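K.L.:
Take this structure, written in structure tokens, and hold onto it; I'll ask about it next.
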Amino acid sequence: MNGTGVSPEECKYLDIIESKNLTEYKMYFGSIGEVQNFLRYDPDINSEIFYEQKSKSSSVAFAGAPLEVAIQYLIGGYSENYEKFLSMARQLEHINKKKAKVRKTTTSFVGQRPNVPAYIAGAPKNMYRLERTEEKKLKRIWMKVTYESSTTEEQIRNRGIIALNLINLLEMNNYMVDFRLFEVCNVDNEIFRCEIELKKPGQILMPRLCYYPMCGKEFVRRVLCRIKESMPFKCGWGLSYGVVLSEEYTRMIMDFHDKDIYIGSPSEMNIKGENIYEDADTFLEKIGIGDKIVLPVYSK
């Protein structure tokens, strides 16, 4: 350890991209487990930039459980208000089921199961056949993990619930979903970009796996800070740990595709944290996918 952080040669998660005016430090994790795998070996800290290690020194009131516990939470154990989270998620799921598409059944010469009355009557079309499903489409969702300091726990919780609900809605409508959390920020001409894949297309959605990085303040205020402390930055990141970019610049840096869905901070998504049904309706209106799938109305 030489006190300058990690390098791409020794860290498989890091890529440094140099351009004419910018240096981008890109960290990509294919799962939440990979974040834990990176941090558990206590990667080298860039002590030339980070004179104080805020991932450790921040108060419990501000940043939650100590860093060692925050890292352990990456592979399980974080359950603060999780039952409340699940209970509220089920309220939306109950409404979703009323809008679920049901594959139609028709009679045919061949099929999945017999039509017993038709068979007894000697009808040639004596089998039931499910209509063919459409080819599955891919949808990528990017969720910005950071938020303003004034954001309430209820706003953060509701955003998490609604994000997972969106995944369920899309999968009910024949989409495969790629779900990623990210942070992108800058100091001067340096950009820090971190991506964490929480769900790959075709994988089963695991709410407990997503809950901590979406809703736990330790993740933002300890885990992400600890990752930054190991970046080989040259500029003065030690005081602010970076300035969050606007949605416009975020889209430029992250190179989102037109069909991707961007989930910003709770305030960006007009989530107030007071009524989950009203927040869900406002959120779905904000992302504008009503022309792609049939959306439930939750607040009526």
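The values are calculated or read from the model by the stated rules, or taken from the named source; none is laboratory data. Everything numeric here is computed off the predicted structure, so don't read it as measured data. Cβ sites come from the backbone with ideal geometry, for glycine too, and all protein chains shown count toward neighbours. Areas reflect the complete protein model, heavy atoms only, side chains present, ligands, DNA and RNA absent. Shrake-Rupley method; radii C 1.70, N 1.55, O 1.52, S 1.80 Å.
K.L.:
Output the residues belonging to segment 78-92 that are assigned to a helix (DSSP H, G or I) and either touching a Leu at 6+ places or on another chain (Cβ under 8 Å) or of a type in the set (S, T, N, Q) (or both).
P.N.:
Ser87, Ala89, Gln91 - these are the residues of segment 78-92 that are assigned to a helix (DSSP H, G or I) and either touching a Leu at 6+ places or on another chain (Cβ under 8 Å) or of a type in the set (S, T, N, Q) (or both).
K.L.:
Residues of segment 18-41 being in a strand (DSSP E or B) and either open to solvent by 80 Å² or more (accessible area, probe 1.4 Å) or modelled with pLDDT under 95 (or both), which ones?
P.N.:
If the condition is that a residue be in a strand (DSSP E or B) and either open to solvent by 80 Å² or more (accessible area, probe 1.4 Å) or modelled with pLDDT under 95 (or both), then Glu18 is the only one that fits.
K.L.:
Could you give me the residue pairs with C-beta distances under 6 Å whose first residue belongs to segment 164-189 and is under 30 Å from Asn21 (Cα atoms), whose second residue is part of a helix (DSSP H, G or I) and open to solvent by 10 Å² or more (accessible area, probe 1.4 Å) wherever it lies, and which are 6+ apart or on separate chains?
P.N.:
Filtered contacts from segment 164-189: Val184/Ile253.
K.L.:
Could you list, in sequence order, all residues of segment 262-293 that are surrounded by fewer than 20 Cβ atoms within 10 Å (Cβ to Cβ) and under 16 Å from the mean Cα position of the chain (by Cα)?
P.N.:
Tyr262, Ser265, Glu268, Ile287 - these are the residues of segment 262-293 that are surrounded by fewer than 20 Cβ atoms within 10 Å (Cβ to Cβ) and under 16 Å from the mean Cα position of the chain (by Cα).
K.L.:
If you scan segment 152-210, which residues turn out to be more than 13 Å from the chain's Cα centre (by Cα) and small (Gly, Ala, Ser)?
P.N.:
Within segment 152-210, Gly202 is the sole residue that qualifies.
K.L.:
Scan segment 245-258 residue by residue and report those that are over 8 Å from Arg140 (Cβ atoms) and open to solvent by 100 Å² or more (accessible area, probe 1.4 Å).
P.N.:
Hits for segment 245-258 are Glu248, Tyr249, Met252, Asp255, Asp258.
K.L.:
Further question: If you take the residues in segment 165-204 that are of a type in the set (D, E, K, R), in contact with a strand residue (DSSP E or B) (Cβ under 9 Å, 6 or more places away or on another chain) and outside any strand (DSSP E or B), which one is nearest to Phe85 (Cα to Cα)?
P.N.:
Glu171
K.L.:
Continuing with the same structure: Here is a list: Tyr51, Tyr73, Tyr78. Which entry is closer than 17 Å to Lys228 by Cβ and of a type outside the set (A, V, I, L, M)?
P.N.:
Tyr51 is the lone residue from the list that is closer than 17 Å to Lys228 by Cβ and of a type outside the set (A, V, I, L, M).
K.L.:
Are any residues in segment 35-53 under 30 Å from Lys199 (Cβ atoms) and touching a residue at least 40 places away in the same chain (Cβ under 8 Å), and if so, which ones?
P.N.:
If the condition is that a residue be under 30 Å from Lys199 (Cβ atoms) and touching a residue at least 40 places away in the same chain (Cβ under 8 Å), then Val35, Phe38, Leu39, Pro43 are the ones that fit.
K.L.:
Checking the conditions here, which among Asp44, Asp15 is in a loop (DSSP other than H, G, I, E, B), surrounded by fewer than 20 Cβ atoms within 10 Å (Cβ to Cβ) and modelled with pLDDT of 95 or more?
P.N.:
Checking each option against the conditions leaves just Asp44.
K.L.:
I'm checking my understanding of the structure. Among residues of segment 205-215 that are part of a helix (DSSP H, G or I) and of a type in the set (A, V, I, L, M), which one is farthest from Val60 (Cα to Cα)?
P.N.:
Checking each candidate, the answer is Leu209.
K.L.:
For segment 216-240, how many residues are open to solvent by 10 Å² or more (accessible area, probe 1.4 Å) and part of a loop (DSSP other than H, G, I, E, B)?
P.N.:
Going through segment 216-240 one residue at a time, the tally reaches 7.
K.L.:
Residues in segment 5-40 that are more than 22 Å from the chain's Cα centre (by Cα), of a type outside the set (D, E, K, R) and more than 25 Å from Val69 (Cα to Cα): how many?
P.N.:
Final tally of qualifying residues: 8.
K.L.:
Now for a separate question. Give me a count of the residues in segment 257-300 that are touching a residue at least 12 places away in the same chain (Cβ under 8 Å) and either among the small types (Gly, Ala, Ser) or in a loop (DSSP other than H, G, I, E, B) (or both).
P.N.:
Of the residues in that region, 25 qualify.
Every residue, every condition in (1) of a type in the set (Asp, Glu); (2) exposed (fewer than 10 other Cβ atoms within 10 Å of the Cβ); (3) at pLDDT 85 or above; (4) over 28 Å from Phe283 (Cα atoms), yes or no:
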site: Asn81; (1), (2), (3), (4): no, no, yes, no
site: Ala89; (1), (2), (3), (4): no, no, yes, no
site: Leu92; (1), (2), (3), (4): no, no, yes, no
site: Lys104; (1), (2), (3), (4): no, yes, no, yes
site: Gln112; (1), (2), (3), (4): no, no, no, yes
site: Ala121; (1), (2), (3), (4): no, yes, no, yes
site: Glu131; (1), (2), (3), (4): yes, yes, no, yes
site: Arg140; (1), (2), (3), (4): no, no, yes, no
site: Ser149; (1), (2), (3), (4): no, yes, yes, no
